[in-house]
Amino acid sequence: MSLRRVAILFAFSTFALFAVLILSLLYYYRGGLFLETLLSERTLFSIRLSVYSATVAAILATSLAVPSAYALSRCDFPGKDAIDTILELPMIVSPAALGAMLLIFFNNPVGSWLQTQGVQFVFDSNGIILAQFVTTLGVATRLTKAAMDEIPRRYEDVARTLGASPTAAFFNVTLPLCRRGLAAAFILSWAKAMGEFGATITLAGTMAMKTETLPIAIFMKLSTADINETVVLILIMTAIGIGTLYAVRLIGRKGLHA
C-alpha cells in the first residue's frame, strides 16, 4: 500500500473516531425534547452568555496577542525565551488548576483590592470572560506569532527604506500580510473559549441564569443523570462550533478565489 493511501486511511480513521462519538449521541436523541430544551429560558441564556463571553475573551486575547507576537517574532530582548515558554502554561497546566490560580489571586490582598474597585470576578460573569481570556491568550499569541514568522522581514525593511516608520510598516505591511493568520487566531481562540470549562467553573461557579455557560450547563445536566437533556446541549454546542468553523472555511475559500 502506498504512503498516500496509508495517509488517507489514517485521515478517515481520525474522522471516523469523532463521527462515531457524535452519532452515538443520537441514541438518546428525542426530537420533541430537543426543541423544548433549546427554547427554554435557561438554555437560551447559556447560549447568549457563552457566545458573548467567548467573543469578548477572543477579542481581548487577539488584541493583546498581536503586539506580543510581533515582539517575539521581530525583536530580540532579555527574557524573550522565558516569555515564549510561559505561553505554553495554559496547555501544560490543567484548566481547573489555572482557574484555581485565578481564584487564589483574588483572595490575596492585591486581588481583593481590585475587586473592591467595583469589578467583581469571583462568582460573577466577568470571571467567565477572565477565565476564557487567560486560557486562550497563549493560543492566540502562538498562532499570531507563527503567522508573522512566515512573513519575510525584508518586506518591512523595504518599506522603511522608502520612508515608512516602523509603526507605519507594521500597520501597512505586516498586519495586512498576516490577516489570515490573525483571523485563524481569533476563530480558534473563540472556539476554545466557547468550550472552556475547568477555569470557568472554578472561578465563576455554576449559578443558573448568571454564570452558567453551555459547558457548565452540560455538566450540571450530567451531574443529575439527565442524559437526554445532556445530549441536547452537547448537540447544540457541537452545532454552533462546527457550523461557525465550517462557515469561516467557506468564506476563506471564497476570499482566495476573489
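Considering segment 144-169, the residues that are closer than 28 Å to Phe133 by Cα and of a type in the set (Ser, Thr, Tyr) include one that is least open to solvent (accessible area, probe 1.4 Å), namely Thr144.
Please determine, by comparing only the residues of segment 30-85 that are of a type in the set (D, E, K, R) and open to solvent by 50 Å² or more (accessible area, probe 1.4 Å), which one is nearest to Gly127 (Cα to Cα). Going through the qualifying residues, I end up with Arg48.
Sort out which residues of segment 170-219 are surrounded by fewer than 20 Cβ atoms within 10 Å (Cβ to Cβ), more than 16 Å from the chain's Cα centre (by Cα) and of a type in the set (Gly, Ala, Ser), and write them in order of number. Passing the criteria: Gly205, Ala208. Taking segment 46-141 and the helices (runs of 4 or more DSSP H) fully enclosed by it, the elements with 3 or more residues that are within 20 Å of Glu212 (Cβ to Cβ) are at 95-105. Within segment 1-43, if we keep just the residues that are under 10 Å from Val232 (Cβ atoms) and of a type in the set (Val, Ile, Thr), the residue that is nearest to the chain's Cα centre (by Cα) turns out to be Thr43. Annotation note: Cβ proximity below 6 Å between a residue of segment 130-142 that is under 15 Å from Ser50 (Cβ atoms) and a residue that is surrounded by fewer than 24 Cβ atoms within 10 Å (Cβ to Cβ) and at pLDDT 95 or above (sequence gap 6+ or interchain) occurs for Phe133/Leu60.
The values are calculated or read from the model by the stated rules, or taken from the named source; none is laboratory data. Because the structure is a prediction, the values reported are computed rather than measured. For neighbour counting, all protein chains shown are included, and Cβ atoms are generated from backbone atoms with ideal geometry for every residue, glycine included. The area values use the complete protein model at the heavy-atom level, side chains included, leaving out ligands, DNA and RNA. Shrake-Rupley method; radii C 1.70, N 1.55, O 1.52, S 1.80 Å.
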